[in-house]
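K.L.:
Handing you this structure, nothing more for now.
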Amino acid sequence: MLAGSPDNWLAHFRDLGEQMSEAIEAAWPICIGPLQAKKDAMTHEDHITVHLVQALRRTKKVPGRIEYQHELLVEDANGNVSLSSSIDFVLTVGDDEEVYLAYECKRLNVPYAARVRNLCVPYVEEGLMRFVTGQYSNGLPMATMIGYVMNGDNGRARNGLRKVMKARTATLGLTAEQDRPSLPAMPTRFSSTHTCRPGHSMKVEHHLLPWP
């Protein structure tokens, strides 16, 4: 775990996060290339994520080592160890296995036969909330959510997330949101700041990646 206040590490995590953002934008076209034929087969987020991790490794732009399906272990009072959950992938930071930059991935705006489901609630409740509660990245200053926007409509996805997050401001410990400028048909980025259940502040970067 980090020594001292997580705030002291935030600048370092932000630098790594910016380098990873560049790598993700470079890797995304590589990732989706082999998956295009499966678009109508409702490509699942795990299948997309494993392709994204492989594409990231191939870009040679990643500032460290990526671990796919980072396992979180818990130990009870009797010393029994079990697997509590796993994060989609992490960028390891140094030699301490408890220090990492986490990436949790969810689909958004998924087309079904009758309608498009925005899936913003699962993104927040089954993704973002895991950082707020300390289940993921406990005690760390920063984490990242990735949204695979399956109909390519990033504007709609961002608006949906804005509404869901606003409705859950207290539960999320949400203290700030900030959008970044983005070009049409390109990834959309914004950040949110949260007071987490363990008591520290965390910055969460959000990347919305449009499926063409």
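The values are calculated or read from the model by the stated rules, or taken from the named source; none is laboratory data. Since the structure is predicted, the reported quantities are computational estimates derived from the model, not experimental observations. Virtual Cβ from ideal backbone geometry, glycine too; neighbours counted across all protein chains shown.
K.L.:
Look at the stretch 137-147 and say how many of its residues are part of a loop (DSSP other than H, G, I, E, B) and surrounded by 24 or more Cβ atoms within 10 Å (Cβ to Cβ).
P.N.:
Number satisfying all stated conditions: 2.
Okay, residues lined up against (1) out of contact with any helix residue (DSSP H, G or I) (no Cβ under 9 Å at 6 or more places or on another chain); (2) of a type outside the set (Gly, Ala, Ser); (3) buried (at least 18 other Cβ atoms within 10 Å of the Cβ); (4) modelled with pLDDT of 95 or more:
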| position | (1), (2), (3), (4) |
| --- | --- |
| ARG158 | yes, yes, yes, yes |
| THR171 | no, yes, no, yes |
| GLN178 | yes, yes, no, yes |
| PRO181 | yes, yes, no, no |
| PRO184 | no, yes, no, no |
| THR188 | no, yes, yes, yes |
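K.L.:
Can we say ARG197 is assigned to a loop (DSSP other than H, G, I, E, B) and basic (Lys, Arg)?
P.N.:
For ARG197, the condition - assigned to a loop (DSSP other than H, G, I, E, B) and basic (Lys, Arg) - is met.
K.L.:
Using the structure shown, decide if SER182 is in a loop (DSSP other than H, G, I, E, B), within 18 Å of GLU18 (Cβ to Cβ) and of a type in the set (Ser, Thr, Tyr).
P.N.:
Yes; evaluated as a whole, the condition is true for this residue.
K.L.:
Six or more apart or on different chains, Cβ under 7 Å: which pairs go from a residue in the stretch 150-167 that's within 16 Å of HIS207 (Cβ to Cβ) to one that's at pLDDT below 95 and surrounded by fewer than 18 Cβ atoms within 10 Å (Cβ to Cβ)? Could you list them?
P.N.:
Note: pairs meeting the criteria are MET150/PRO111; GLY152/PRO212.
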